[in-house]
Amino acid sequence: MTYKSTRGAVSGVSFSEAVLKGIAPDGGLFVPEQNVRFDSLALAEMCEMDYKTLAAHIFRKYATDFTDGEIEYCVDRAYGSGSRFDGPDPAPVTHLNGTLSVLELWHGPTAAFKDLALQVLPAFMSVALRKRSEQSRKIAILTATSGDTGKAALEGFRDADGIDIMVFFPEKGVSEIQKRQMITQEGKNVRVVAVSGNFDDAQTGVKHIFGDREFNELLSEHGWQLSSANSINFGRLLPQIVYYFHAYFALVRSERISMGTKVNFVVPTGNFGDILAAYYAFKAGLPVGKLICAANSNNVVSDFLRTGFYDANREFKLTISPAMDILISSNLERLIYDMSGEDEKATARLMMELGKQGCYNVSRSTLAGITSLFWSDWSSEDETRAAIAGVWKESRYLIDPHTAVGIDVYDKYVISTGDMTPTVAVATASPFKFNRSVAESIADANDPALRDKLAAVNEFELLRLLSDSTGCRVPASLATLESRPVLHNRVCATARMKEEVQNFLTGSLGSEPAAF
Ligand SMILES: *Cc1c(COP(=O)(O)O)cnc(C)c1O
């Protein structure tokens, strides 16, 4: 298997290089150059595999420059004996009713779905680094985070060979739980710094550092190369393909479907990474009916999938599903490339228009390809809250606001199409990670005393309160958070982020930053 850019300038790139580079040199995204296809015989064989074995089986088709031993090392660390998931199955499936099942992707160390990929990406990178001729190069992962990605990357990369990681988060832009998760981070190769600004400031600061040629040369003299753990990296998509197969096989094994029956997936969507992995699973032979793409009120993607017109020129809204508050869904580029018949010129032109005007229109045939497989809609804040309350009331099952967007859009799908195909809804975060909106949603609207009580408690008391009142268990990593020692207390102005990076990687610094 080799990889090429969606914008056409490079091809024949190995999996290792695609993972280390993250983004193609022409600004495009790396996509597989050959087709992967599991036939019905292969599917029958894969159906009996445990998660780790299934992951290795799928990885072998895409990471062809890795030896079997190297792949075994990667999957064992992530999902096998070194696993940090809270049970033997990192992605268990729960059945809500006769047609709807939930794929729980929040059993990892940071209680959100990004763990499934970020527990294995560092191993991919370590192996890839060892294959490089320039042995002396070390990788520094640099990330700005609005909450979930940063913590999942920190947990994934802590103590990785030859890789250090630095995360910047907006001092006032993350929840108390998310902040605590980051500033208590352990590991000898990690650093976490608060930025006195909002997420955009932190993100812009990181982008400037990546684009600063002189600074990158200075780091290079010290043996460092900057890289990213962002979801445009193919090394993050590949592990996500696995859990769609895994969920399908779980339905077969529980005799809800027979092998070969089509299944729908509903995926809460932001950067379009998770649902793109479902599409790659479909391309590789997984029997899929519809891919149902669920957006929150930042509904650029759902509008696009219906009309073929992508228009990011609209107000950015802060919602209770913040991981989906996004106007530019980067991974859509890969879908457009495929659906336009791998037309790299058209893809490059559309992405240029997006950069210049904030909008673009795809051709009629591209749109027809998209709508034959994808269905999409979005949820308002009230609808999201109602879905949390509704699922709790009907099934005594607690969902987070991102998952709730998916459930609400699934209801709209069924009403609109009448399609009762067995469906898997992807649960992307633990309800305890977004405990305040979850607790408020299920609290009786007619009970003002309870609402006042919720408003008065801090996030940690709220964890216990939510757990006591629902009987659901707080994930271990969140339950112990309050008592963990704070290990990172640096805070810097946006203008000083570069110095922070230099200080971390080369040990040299101007003045000491303030501590909080
Ligand atoms: C990142 C994230 C999403 C969005 O996933 P994409 O791959 O960006 O579409 C949804 N829910 C949660 C909880 C997330 O952390």
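A few remarks follow.
- Which of GLY223, GLY260, ALA386, positive extreme of dipole for the chain (C-beta unit charges): GLY223
- Dimensionless Rg over Rh [the chain; C-alpha; Kirkwood]: 0.94
- Charge dipole of the chain (Cα centre as origin; +1 on each Lys and Arg Cβ, -1 on each Asp and Glu Cβ, all else neutral): 420 debye, rounded to the nearest 20.
- Cβ crowding within 10 Å ranks ARG473, ARG306, ARG137 as ARG473, ARG137, ARG306, fewest other Cβ atoms first.
- Residue exposure sequence - SER175, SER146 - by fewest surrounding Cβ within 10 Å: SER175, SER146
- When the GluC sites (Glu not before Pro) in the range 417-495 are filtered for DSSP coil states and for at most 13 other beta-carbon atoms within 10 Å of their beta-carbon, no site remains.
- Centre separation in Å (Cα based) which lies between the range 190-245 and the range 1-75: 22
- GluC sites (Glu not before Pro) within the range 334-439, DSSP loop, no more than 13 other Cβ atoms inside 10 Å: none
- Under 5 Å from the amide H of TRP375 lie the amide H atoms of LEU291, ILE292, CYS293, each residue being 5 or more positions distant or on a separate chain, with H modelled from the backbone and absent for Pro and chain starts.
- Reachable lysines from LYS172, criterion Cα separation under 19 angstrom, eight or more residues apart if same chain: LYS151, LYS317, LYS433
- At most 13 other Cβ within 10 Å, DSSP loop - trypsin sites (Lys or Arg not before Pro), the range 1-44: ARG37
- In this Cβ point-charge picture (+1 for Lys and Arg, -1 for Asp and Glu), the range 433-483 has a dipole of about 160 debye about its Cα centre.
- Debye, to nearest 20: dipole size of the range 13-80, +1 on Lys, Arg Cβ, -1 on Asp, Glu Cβ: 160
- Both radii are taken from the alpha-carbon atoms of the range 433-483; with Rh as the Kirkwood radius, Rg/Rh is 0.97.
- Overall dimensions of the range 323-371, expressed as equivalent-ellipsoid semi-axes from the Cα gyration tensor (√(5λ), whole Å, largest first), are 18, 14, 10.
- Least to most buried among VAL288, VAL120 (fewest other Cβ within 10 Å first): VAL288, VAL120
Laboratory data are not the source of any read-out in this text; all were calculated from the coordinates shown. This one's a predicted model, so the numbers in the text were calculated from it and none came from an experiment. Positions of Cβ are backbone-derived with ideal geometry, glycine not excepted, and every protein chain shown enters the neighbour counts.
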